[in-house]
């Protein structure tokens, strides 16, 4: 049973994805992550305007199985938060790469993207 | 099943009182104003037999260790001998007043003292405090003692190391005691990664909290090395006694480097656990930590027993004197089992877990390829391709009349995922274990041939599958 991986996104070892458009990066968690978590019940509110470094905790997510941290794939400022998924976090289970996006970060240093995986690399990393 | 209120019929009752002889007195005039109710309380009006049937039926819907196997991993749901309940409720204990002078409760104090001595012998500690009321309470107590120990020495240590396999209460207790929690990764053998530990252990670190056997039911083979690394940097080693059931009479935590520990009397020492609690998370210390134990502790001199307040105590952690009846039950259990018996308890618990592991490993790939201690960790990974989750396997087990084991814990990648953690304890016979094993094998076959049956399970229980998401999202906290 393969997990969905989308071409053109960047991926972290902790199973976050980031989609880059100009200097804005949209962040979410991967299909693999949502499947491993199981039914998601809670996503902690994220403060708009928060400055964050790559690898720092962006927010916390809880499922019926476990609670985990979601880390920022890149440094920058949180400029938008998906209030729909805060209200109804199960959207992440249904559409992790689309409606289940979590936050938008204004990218401080695009060089950091080089540290992340491309789709093919991530697919191999999470091959079962 | 109907609520007892729904069975109510106006005017029906389960008693008959004699005719009112004091008709001239109005009852309402005899009650002070503040106690008067405007409206009559709505109580169910039912006959005695209806009450008896209602509650008997309710009690039959329950499931506990008195009904059958309760193999919750990491919980040690062993049988609670009934004689211990009886001993804990004899009049001299039940009517001992918490404010009574020491001279009137010498017997109770003697039991507390002797229980502490027995536990010290079992674990190679020097003194016990019986005060903490539960496991996590014991952890917090132990960690606060560690903090005080370093404060007393004028050392500033603000970090606590905790393996990724630890119970969630370990990081929580450390954080509550003001420490920064640093996670130590596990290796492919299920133990602490020694290189990682060596890298992380420094002079800012107070120590390491370790459960051994750990939460995947494996004894950390490197424990002596671990102790050396922690002690060489001046740190202390905390023993989480959640899994002591595997070690009684075989290994003593104090002999392998642990400085302070808590034990769960409601696990290893057979007092009721869970809904049948309360518990007791007694804390033992090596000599260098005894003076920090919470007060009071029970000491003896010249045949008299008395409360003592350790010099540098962290203070009180609980009102009065522990969950005393729990202590009586544990004391009675230790004496009835005896020294050799304690070793047999652990040996039987280890044999039972390995019997299950061996019989089921073909069907539920174990998380680790090792002989286990008192609990085994299987996984439900193989059945994913049939659309069956570990949760579905656990739910289906209820249809076969068993309480499901612990699932999805431990949960850390890449070794322990989709886990099914089975702890049979020493209480179970081979016949019971075989029944459980057969049910698990049947479920494995069903997962491949009739996955829908598992996904809809349980089918034979009083209530079907509960909506766990709704339960978390919209908790109903009162009636």
Inset, instruction - Looking at (1) surrounded by 15 or more Cβ atoms within 10 Å (Cβ to Cβ); (2) within 23 Å of the chain's Cα centre (by Cα); (3) more than 30 Å from residue B:218 (Cα to Cα), find the lone condition where residue B:316 falls short. - result: (1)
Inset, instruction - Kindly indicate which of B:342, B:391 is within 30 Å of residue B:109 (Cβ to Cβ) and out of contact with any strand residue (DSSP E or B) (no Cβ under 6 Å at 6 or more places or on another chain). - result: B:342
Inset, instruction - Considering only residues that are surrounded by fewer than 23 Cβ atoms within 10 Å (Cβ to Cβ) and part of a strand (DSSP E or B), look in segment B:408-445 and name the one that is farthest from the other protein chains (Cβ to nearest Cβ). - result: B:416
Inset, instruction - Tell me, yes or no, whether segment B:342-356 has at least one residue that is outside any loop (DSSP other than H, G, I, E, B), touching a helix residue (DSSP H, G or I) at 6+ places or on another chain (Cβ under 7 Å) and under 30 Å from residue B:456 (Cα atoms). - result: yes
Inset, instruction - Specify which of the listed residues (B:378, B:391) is free of Cβ contacts under 8 Å to residues at least 60 places away in the same chain, crowded, with 18+ Cβ neighbours inside 10 Å, on the phi < 0 side of the Ramachandran plot and within 14 Å of chain A (Cβ to nearest Cβ). - result: B:391
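Residue-wise test of (1) free of Cβ contacts under 8 Å to residues at least 40 places away in the same chain; (2) under 23 Å from residue B:288 (Cα atoms).
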{"site": "B:224", "(1), (2)": "yes, yes"}
{"site": "B:227", "(1), (2)": "yes, yes"}
{"site": "B:233", "(1), (2)": "yes, yes"}
{"site": "B:246", "(1), (2)": "no, no"}
{"site": "B:254", "(1), (2)": "no, yes"}
{"site": "B:263", "(1), (2)": "no, yes"}
Inset, instruction - Return a yes/no flag: does segment B:266-278 have any residue that is crowded, with 22+ Cβ neighbours inside 10 Å, more than 26 Å from residue B:71 (Cβ to Cβ) and either within 25 Å of the chain's Cα centre (by Cα) or in contact (Cβ under 8 Å) with a residue 60 or more places away in the chain (or both). - result: no
Inset, instruction - Pick out, from segment B:61-166, the helices (runs of 4 or more DSSP H) lying fully within it that include 1 or more residues that are surrounded by 19 or more Cβ atoms within 10 Å (Cβ to Cβ) and touching a residue at least 60 places away in the same chain (Cβ under 8 Å). - result: B:82-88, B:106-123, B:135-152
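Which residues, taken from segment B:457-479, are more than 14 Å from chain A (Cβ to nearest Cβ) and surrounded by 14 or more Cβ atoms within 10 Å (Cβ to Cβ)?
Selection gives B:457, B:458, B:461.
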Inset, instruction - Output yes when any residue across segment B:118-134 is farther than 30 Å from residue B:304 by Cβ and assigned by TED's automatic domain parsing to the domain that holds residue B:295, and no when none is. - result: yes
Inset, instruction - Pick out, from segment A:14-122, the helices (runs of 4 or more DSSP H) lying fully within it that include 2 or more residues that are more than 14 Å from chain B (Cβ to nearest Cβ). - result: A:83-87
Inset, instruction - Answer yes or no as to whether residue A:21 is under 13 Å from the mean Cα position of the chain (by Cα) and either at pLDDT 95 or above or under 24 Å from residue A:116 (Cα atoms) (or both). - result: no
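The values are calculated or read from the model by the stated rules, or taken from the named source; none is laboratory data. As the structure is a prediction and not an experimental result, all values here were calculated from the model. All Cβ positions, glycine included, derive from the backbone under ideal geometry; neighbour counts span all protein chains shown.
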